[in-house]
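What follows is one structure encoded as structure tokens, with my remarks underneath.
Just so it is clear, none of the values below were taken in a lab; they were calculated from the coordinates. None of these values were measured; they are calculated from a predicted model. Counting neighbours? That spans all protein chains shown, and the Cβs are built from the backbone with ideal geometry, glycine included.
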Amino acid sequence: MMDISVVIPLLNEEESLPELSAWIISVMEANQFQYEVIFVDDGSRDNSWQIIEQINQKNANFKGIRFQRNYGKSAALNEGFRIASGNVVITMDADMQDSPDEIPGLYNMIIEEGYDMVSGWKKVRYDNTLTKNIPSKIFNGAARYASKIQLHDFNCGLKAYKHKVVKCIEVYGEMHRYIPVIAKWAGFSKIGEKVVEHRKRKYGITKFGWDRFVNGFLDLATITFISRFGKKPMHLFGLYGTIFFIIGFAISFYLIGEKIIYGNDFGLTNKPAFYIAMSVMIIGVQLFLAGFVGELVARNSTERNNYLIESKTGF
């Protein structure tokens, strides 16, 4: 097995690819790594694919995958992970804002220090403060709180993984932001961080807008729910459904008691508490039914018994 697989998703990066590939070659040769570089062209409309083919003709260590249309960064990473064969898999962006000089340090943290995964931290950034840096800090703070993983930069494209990590995780939708969470969910708990260089964009324009922050928080809610309750939805919906129902029932019981004591002088249906009780009980029943339906879906899913096994013996 070779030392390193570098997976690089890209979209319309024709200007940066020749310089980036030359830089990677220089780093790999200086450190005598056996390596492969997998470019995943996510539906580029410029000459990116033609340049990837030219790079491959000059150096067989460079390989390429081309999507017929744009599927997104998560799909590109997942396809790269599927075919990567290196002991260490490193991901980086193609826009030259990630430095290939970080590769040896990331590799050593996986091989020598035993990390399952190492995420880059762009401590000094050259992005716009208002549109990127501040929203990024808010997003990362929320992700740290929800996942309990102490990383400063969840969304940094420069990351390193043990080979078995990328073979045990599936990245879909826009979940590439939460690969550390997905890895932890899969049982890989030794997740580290390395301060890396953030370079000013040299070519092209950013492919991300404001919508990624809204989508990011929605994805955070999704991955938090799936990681905790994906195989046991009743534990969430059933719990809160039961609590709501008990509260509503207790209010109703109290009102009925007052009706018995005060008789006709007590207008049961004229009390706001009566309608609050009915609403809370209905919400409780609906939550319970949602958990029940979720449980049926989970139990009939093809993934219901898909568990990652560390090792076997005696077979």
Under 5 Å between amide H atoms, partner at least 5 residues away or on a different chain: which partners does GLY64 have, H built in plane at 1.01 Å?
-> PHE39
Which cross-chain or sequence-distant (5 or more) residues have an amide H under 5 Å from the amide H of VAL195, H modelled 1.01 Å from N in plane?
-> TRP121
Express in nm, to one decimal, how much length is gained between MET2 and LEU268 on full extension, taking 0.36 nm for each residue of separation and deducting their alpha carbon distance.
-> 88.1 nm
Residues of type lysines that LYS58 reaches as a straight line, Cα spacing below 16 Å, ignoring anything fewer than 8 places off in the same chain | none
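Just add up the charged neighbours of GLU197: K/R +1, D/E -1, any other residue whose Cβ is under 10 Å from the Cβ of GLU197.
Working: positive: LYS122, LYS123, ARG199; negative: ASP98, ASP101, GLU102.
Here the charged neighbours net out to 0.
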Backbone N within segment 90-128 under 15 Å of label point (7 Å from ARG144 Cα along the Cβ vector) = 119-124
Amide H to amide H under 5 Å from VAL88: which residues, 5+ apart in sequence or cross-chain, H placed 1.01 Å off N in plane?
-> ILE4, SER5
At the level of C-alpha centres, the distance separating segment 229-259 and segment 24-43, in angstrom, is 57
Determine the dipole magnitude for segment 4-229: charges of +1 sit on the beta-carbon of Lys and Arg, -1 on that of Asp and Glu, nothing else is charged, the reference point is the Cα centre, and the result goes in debye to the nearest 20.
-> 760
Taking a 20 Å limit on the Cα-Cα distance, which of the listed pairs LYS63/LYS194; LYS137/LYS190; LYS73/LYS167; LYS73/LYS159 fall beyond it?
-> LYS63/LYS194; LYS137/LYS190
Expected unfolding gain across TYR71-LYS190 under the 0.36 nm per residue rule, minus the alpha-carbon gap, is 39.8 nm
Backbone HN-Hα couplings from phi across segment 244-254 [Karplus 6.51/-1.76/1.60, Hz, Gly and Pro as x] | 4, 5, 5, 4, x, 5, 5, 5, 4, 4, 5
If you count, for each residue, the other Cβ atoms within 10 Å and average over each peptide, how do 244-250, 151-157 line up from highest to lowest?
-> 151-157, 244-250
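Mind ordering 1-8, 251-258, 280-287 by average Cβ neighbours within 10 Å, highest first? Before the final figure, lay out each step's value.
Values: 1-8: 21.1, 251-258: 14.5, 280-287: 17.0.
Listed from highest to lowest mean packing, they are 1-8, 280-287, 251-258.
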Report the paramagnetic label zone for GLN54: residues of segment 88-122 whose backbone N is under 20 Å from a point 7 Å from Cα along the Cα-to-Cβ axis.
-> 94-96
